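**Q** Structure below; questions to follow.
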Amino acid sequence: MTGRGWWLALWVLGVASAAQAEEKKFKACFIYVGPVGDIGWSHAHDEARKLTLKELPWLETQHVEAVPEGQALPVIDRLVKGGCKAIFATSFGFMDQTLEAAKKYPEVVFAHATGFKRAPNLATYMADFYQLYYLNGLMAGALTKTGKVGYVAAFPIPELKRHISAFALGVRAVNPKATVNLKWLNAWVHPGKAREAAEALMAEGNDVLAFTEDTATVAQVAGRKKVPVFAHYSPMHRFSPDFVVSGQLVHWEKIYIDFLKKVRDGSYAPGKLQDVDYWWLLREGAVELGAQPGMPINPKWVDALKQAQMTVEGKPVSVHDRVMVLLKDMSSATPAFDPFQGPLVDRQGKERVPAGKRMSISELNQMQWVVPGVVGPVADEPQ
């Protein structure tokens, strides 16, 4: 063979090898309830998708944003036809349609975020914030002067009842007579309603705010009124540098990378997912306390939190120190503390967690009750 022939043969082999490598790419697809934008829940999932793609060279991805809850199935149909081998449905309201799709496409791997229904080819996963909400609550309880803390909330689903209750437990650990006052939006993304709710809460005397809504609106509105606020899901320090005290940050990529590696090596496959439920917390590095990465507490508020005192086992402790001690403990392999450790009652006075017991993951995932100190209507609350 001539020199030119050898080069031609090598070129053909190279093209074939590249094509073969491309064929081996595994396609994972993501369905988001909101727009990707620059902040919030869907943005956090998409940032994690990008980090996962960067980490796993054999992976290709596709995403669909702004899919209304209840309308996921047609989107899943299109994704499966497009070659998706794993589909992540990233909102609670996608749960039933994802379960339906899992039965319809038994050869596809599905994973649903925040839900509790599984199937042989459908896993569930959550990077949960309840520990962070408790720590945020400690800080909020220390900073309120009126004893009224406002909370702008999206939907009254178990996830929010869990987070609001953890937050209220933290508030009342510092300030036993304080209340956490709710305004419901019935929307995940609605800056207009979020602004109105935040303004109404402040007009009613709430001098600290927290929220679950997928924009930075509440943080911005609070900042303009010089009211301390706790960020939600994404770094929000930049939106109100003087008044975002702390918040909850998520690292979904920790779960996505682990899950897809196990799919790749066959550990996770259709028929093997019935009992796969990720419930990752501080210990797994799936969540982080902070106004932005690396800033658990905004330095502008550290002195105030050091001066604020609370009682722990009969001894006075600064709220700042208590936050940092519990953050270290709950980040350890075997945390000694859990916000939902009994005895706990609901706001009707009924015992929900006996002394010495902790709520199970299943109980947390299906939580309908809220703790004392939460003020405002809560749908589906047991009486």
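**Q** So if each residue of separation counts as 0.36 nm, and I subtract the Cα-Cα distance between ASP96 and GLU313, what length gain in nm does that give?
**A** Numbers: separation 217, 0.36 × 217 = 78.12 nm, distance 4.50 nm.
This chain segment gains 73.6 nm when fully extended.
**Q** Using alpha-carbon positions, what is the distance between the centroids of segment 326-352 and segment 186-227, in Å?
**A** 28
**Q** Heavy-atom accessible area per residue, segment 140-288, 1.4 Å probe: how many Å²?
**A** For segment 140-288, the per-residue accessible area is 34 Å².
**Q** To one decimal place, what Kirkwood hydrodynamic radius in Å is obtained for segment 306-383 from all pairs of distinct Cα atoms? Let's see the in-between values first.
**A** Values: mean 1/r = 0.0682 Å⁻¹.
About 14.7 Å for segment 306-383.
**Q** Shifting gears a bit: Report for the chain the percent antiparallel among DSSP-assigned beta bridges with both residues inside it, nearest 5. Could the numbers behind the result be given before it?
**A** Details: 12 of 52 bridges.
Around 25 percent antiparallel, to the nearest 5.
**Q** Please state the charge dipole magnitude for the chain, taken about the Cα centre, from unit charges on C-beta atoms (+1 on K and R, -1 on D and E), reported in debye and rounded to the nearest 20. Mind showing how you got there, number by number?
**A** Values: 43 positive and 39 negative charges, 59 e Å.
Dipole magnitude for the chain comes out near 280 debye.
**Q** Ok, one more. Helix 319-330: angle to the longest alpha-carbon principal axis of the chain, degrees 0 to 90, nearest 10?
**A** The helix 319-330 is inclined about 40 degrees to the chain.
**Q** Work out the FRET efficiency for LEU51 and GLN368 from their Cβ-Cβ distance, taking R0 = 30 Å, and round it to the nearest 0.05. The partial results should precede the final answer.
**A** Numbers: r = 34 Å, r/R0 = 1.14.
So, using R0 = 30 Å, E works out to roughly 0.30.
**Q** Between segment 94-165 and segment 228-271, what is the separation of their alpha carbon centroids in Å?
**A** So the separation of the two Cα centres works out to 12 Å.
**Q** Between GLN71 and LYS261, how many nm apart are label points set 7 Å from Cα along the C-beta direction?
**A** If labels sit at GLN71 and LYS261, their model points lie 3.8 nm apart.
**Q** Between ASP321 and GLN383, how high is the FRET efficiency from 1/(1 + (r/R0)^6) when r is the Cβ-Cβ distance and R₀ = 41 Å? Nearest 0.05.
**A** Values: r = 39 Å, r/R0 = 0.96.
So, using R0 = 41 Å, E works out to roughly 0.55.
**Q** In nm, what is the difference between 0.36 nm times the number of residues separating ALA269 and GLU199 and their Cα-Cα distance? Mind dumping the intermediate values first?
**A** Numbers: separation 70, 0.36 × 70 = 25.20 nm, distance 4.87 nm.
Contour length minus the Cα-Cα distance gives 20.3 nm.
**Q** Right, another one. Whenever you get a sec, compute what percent of the accessible area on the chain sits on carbon and sulfur atoms (1.4 Å probe).
**A** On the way: 8970 of 16490 Å².
Here it works out to 54 percent.
**Q** Helix 3-23: angle to the longest alpha-carbon principal axis of the chain, degrees 0 to 90, nearest 10?
**A** Its long axis makes an angle of about 40 degrees.
**Q** Separate question: Do the sum for the chain: with -39,500 (n - 2.57) for every DSSP H run of n ≥ 4, divided by all residues, what is the mean residue ellipticity at 222 nm, to the nearest 500 deg cm²/dmol?
**A** On the way: 12 runs with 144 residues, N = 383.
Calculated at 222 nm, the ellipticity per residue is -11500 deg cm²/dmol.
**Q** Using alpha carbons only, how many degrees (0 to 90, rounded to 10) separate the axis of helix 158-174 from the longest principal axis of the chain?
**A** Helix 158-174 sits at roughly 40 degrees to that axis.
**Q** Hey, with R₀ at 35 Å, roughly what FRET efficiency would GLU60 and VAL302 work out to, going by the Cβ-Cβ distance, to 0.05?
**A** Details: r = 44 Å, r/R0 = 1.27.
So, using R0 = 35 Å, E works out to roughly 0.20.
The values are calculated or read from the model by the stated rules, or taken from the named source; none is laboratory data. From a predicted model like this one, the values you see are computed outputs, not experimental measurements. Here the Cβ is made from the backbone with ideal geometry for all residues, glycine too, and neighbour counts use every protein chain on show. We work out accessible area using only protein heavy atoms, side chains counted, and drop any ligands, DNA or RNA first. Shrake-Rupley method; radii C 1.70, N 1.55, O 1.52, S 1.80 Å.
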